[in-house]
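Written below as structure tokens is the structure these notes are about.
A short reminder: the numbers here are calculations on the coordinates, not readings from a lab. Small disclaimer: the values here were computed from a predicted structure and weren't measured. As a convention, Cβ positions derive from the backbone with ideal geometry for all residues, glycine included, and neighbour counts pool all protein chains shown.
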Amino acid sequence: MADGLVLSIDGMGGDAGPQTVVEGVAIAARRWPQTRFLLHGDESELARCLDRHPALKAVVSVRAAERTISMEMKASQALRQGKGASLWNAVEAVKDDEAHAVVSAGNTGAFMAIAMFRLRTMAGVHRPALTAGIPNGRARMTVMLDVGATVEADAEQLVEFAIMGEAFYRALYGVERPMIGLLNVGAEDQKGHEEIRAAARLIRDRRIDMDFRGFVEGDDICKGAVDVVVTDGFTGNISLKSIEGAARLVGQFLREALTSGPLAQTGAALAYPALKKLRKRMDPSTNNGAVFLGLNGVVVKSHGGANADGFAAAIDVAVRLARSHYRDEIARNIARLGAGADQSAAEQRDAS
């Protein structure tokens, strides 16, 4: 049970509008009956949506917002003009300790900018990282970070991402010792650019307590060679979108093959239970809910095109993280990383 938990929801974000958001909240409310929701947006429009879900009125409070941040608005513009918008107010509720987490399907860049501006990064964290969950061949999930929040990352930031990713994976999936890998162009120690090699050295030299498996390659992501794949936002975003594009292409090829003629259609009918299971496993709604790690608050980004089940899945992520102590774990390990840097500097001074 999530006793006393309050979630702040951007009611106007996403491609489908508030109806999908409210339907997602209704699904989540049945899963987490002790959770309350602050729903930010156009008061009259949200009221109409809530009229279709009378049971929600006991657990949902509507907070009126003056405006909505469009999906096209630039992050810089959102910071200048976003105050009073549903997305801004949803983040503000976490800052003011009215809610334990915020969820939005709105503009990703604006969401990140506002969350960073209002919540700030945790002590010792230089830049936040955005996560993505990817199904793998071991019937588990691979978490990759960063997938777009920090385009360039130096060695120490990559180690911070590893620390955050480990705590996140443990909190969300219950794996006590998740395997961590650094994404590289090869598994050998001499491969890759200096920053990625330096990150591996930092993890080993400072004796950071994690199950570090060294370097992994692009094809290892979907194999499930490790649980957490660490990279910079530029590489991670390209990798993620390549995987998503390949999955859509395979789906298209499969549909074409199964509808190519009467015999193929008969085979598809016989294979329907297995195909249904495959479709469910590949459904993005099942794995929805990216997280901005490293901020002073739980910040969950739903896919803009998510349906009600998908938005509810993002709320599930927010609930699990808000109930966990993953941010405390991150803070402790980031402090150890800093202490290791101080010790290394002192040893170098003594040696000279």
### Query
So what's the gap between the Cα centers of segment 149-168 and segment 55-69, to the nearest angstrom?
35
### Message
Springs between alpha-carbon pairs under 10 angstrom, Gaussian network model over the chain: which of Lys277, Lys223, Lys74 fluctuates most?
### Response
Lys277
### Message
If I build a Gaussian network model for the chain, linking alpha-carbon pairs within less than 10 angstrom, which residue out of Ile221, Ile330, Ile27 has the largest mean-square fluctuation?
### Response
Ile27
## Note on the structure
Note on the chain, DSSP bridge orientation, antiparallel percent to nearest 5 equals 25
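State the Kirkwood hydrodynamic radius of the chain in Å, one decimal place, computed from all pairs of distinct Cα atoms.
Mean inverse Cα-Cα distance, inverted, gives 21.4 Å.
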### Pairwise Cα inverse-distance average, inverted: Kirkwood Rh of segment 1-140 (Å)
15.8
### Query
Taking H as built 1.01 Å from N, whose amide H comes closer than 5 Å to the amide H of Asp211, not counting residues under 5 places away?
Ile180
### Query
Out of Ile208, Ile163, Ile69, any idea which swings most in a Gaussian network model of the chain, alpha carbons joined below 10 Å?
Ile208
### Query
In terms of Cα to Cα distance under 25 Å, which lysines are near enough to Lys83, apart from those fewer than 8 places away along the same chain?
Lys74, Lys95, Lys301
### Message
Using a 7 Å offset from the Cα along the Cα-to-Cβ direction at both Arg332 and Arg204, what is the distance between the two label points in nm, to one decimal?
### Response
2.6
#### Entry: Protection proxy ranking of 192-198, 294-300 - average other beta-carbon atoms within 10 Å, highest first
294-300, 192-198
### Query
With Cβ to Cβ distances under 10 Å as the rule, what net charge do the other residues near Met164 carry (K, R +1; D, E -1)?
-3
## Note on the structure
Along segment 258-266, Karplus-curve 3J(HN,Hα) (6.51, -1.76, 1.60; θ = phi - 60°) to the nearest Hz, with x for Gly and Pro, reads 7, 10, 7, x, x, 5, 5, 5, 5
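Where both residues lie in segment 135-287, what percent of DSSP beta bridges are antiparallel, nearest 5?
Close to 10 percent.
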### Query
Ranked highest first by the average count of other Cβ atoms within 10 Å around their residues, in what order do 224-231, 254-261, 176-183, 145-152 fall?
224-231, 145-152, 176-183, 254-261
